[in-house]
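The values are calculated or read from the model by the stated rules, or taken from the named source; none is laboratory data. These numbers come from a predicted model, not from an experiment. With ideal geometry, Cβ positions are generated from the backbone for all residues, glycine too; neighbour counts draw on all protein chains shown. These area figures cover heavy atoms from the full protein model, side chains too; ligands, DNA and RNA do not enter into them. Shrake-Rupley method; radii C 1.70, N 1.55, O 1.52, S 1.80 Å.
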Amino acid sequence: MFATGVTIVTARTPGGELIGLTANSFNSVSLNPPLVLWSLSQAASSMAALSTGSHYAINILAADQKALAERFAGKREDRWADVLFTEGPGGSPILAGAAATFECFNRSRYEEGDHVIFVGEVERCHHRAGAAPLLFHGGKFYTEHPL
């Protein structure tokens with residue numbers, strides 16, 4: 001019963017393979033230094049690449065990116081087909097149209113239960129002015145509604 005934002009964590013393996021997965025386990029940790037965290041199941045197929053890579057990006061999705069969230073949540077072979085992105089200086093894909101993006105150095109990892117908590121040191125961040133966030137609650141997607 002906790003509403004969250006929706007992100008897609010992206011990276012590139014040393015061999016050039018694109019990695020991307022939908023995650024809503026994202027949070028700010030520290031302002032100085034700027035740190036964020038997210039978690040991933042130890043059984044995830046992308047665990048080896050994300051554990052050993054030096055950088056990843058956390059793309060915070062905008063309300064108009066629901067289809068992208070669903071695409072990267074599944075086990076599609078062609079999940080990167082026709083996805084627009086640029087490459088950040090650390091090599092991570094930066095998704096076009098994201099509400100915000102945090103480009104992170106893979107600072108530390110902590111195994112807890114059946115997940116690994118990743119702590120990233122934010123090296124660069126960008127945002128799209130006026131973008132409404134994509135939210136997730138109770139198994140459904142939402143967007144913001146002013147009170």
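Here the chain is treated as a Stokes sphere of Kirkwood radius computed over C-alpha pairs; at 10 °C and 1.306 mPa s its diffusion coefficient rounds to 103 µm²/s.
Remark: segment 121-130, residue by residue, has Karplus-estimated 3J(HN,Hα) of 8, 6, 9, 8, 9, 9, 9, 9, 4, x Hz, where x stands for each Gly or Pro and the curve is 6.51 cos²θ - 1.76 cosθ + 1.60 at θ = phi - 60°. Karplus-based coupling profile of segment 73-89, in residue order and whole Hz: 7, x, 9, 7, 6, 9, 4, 8, 4, 6, 8, 7, 7, 10, 9, x, x, with θ = phi - 60° in 6.51 cos²θ - 1.76 cosθ + 1.60 and x standing for Gly or Pro.
With a simple spin-label model that places each label point 7 Å from the Cα along the Cα-to-Cβ direction, the separation between A129 and L84 comes to 1.9 nm.
Say R0 is 35 Å: what FRET efficiency, to the nearest 0.05, do T13 and A63 get from their beta-carbon distance? The calculated FRET efficiency here is 0.70. Separation of segment 1-51 from segment 63-135 is 7 Å, based on Cα centroids. Taking 7 Å steps out from each Cα toward its Cβ at V29 and A73 produces label points 2.6 nm apart. Residues of segment 106-147 with backbone nitrogen within less than 18 Å of a virtual label 7 Å along the Cα-to-Cβ line of T4, please, listed as ranges. Residues 109-120, 133-144 qualify, since their backbone N sits under 18 Å from the label point.
Phi angles across segment 28-35 convert, under the Karplus curve 6.51 cos²θ - 1.76 cosθ + 1.60 with θ = phi - 60°, into 3J(HN,Hα) values of 7, 10, 8, 8, 9, x, x, 10 Hz, Gly and Pro given as x.
For segment 1-88, dividing the convex hull volume of the Cα atoms by the residue count gives 136 Å³ per residue.
Surface analysis of segment 33-147 yields an accessible area of 56 Å² per residue, using protein heavy atoms and a 1.4 Å probe. Here the chain exposes an accessible surface that is 56 percent carbon and sulfur, computed with a 1.4 Å probe and the other protein chains kept in place.
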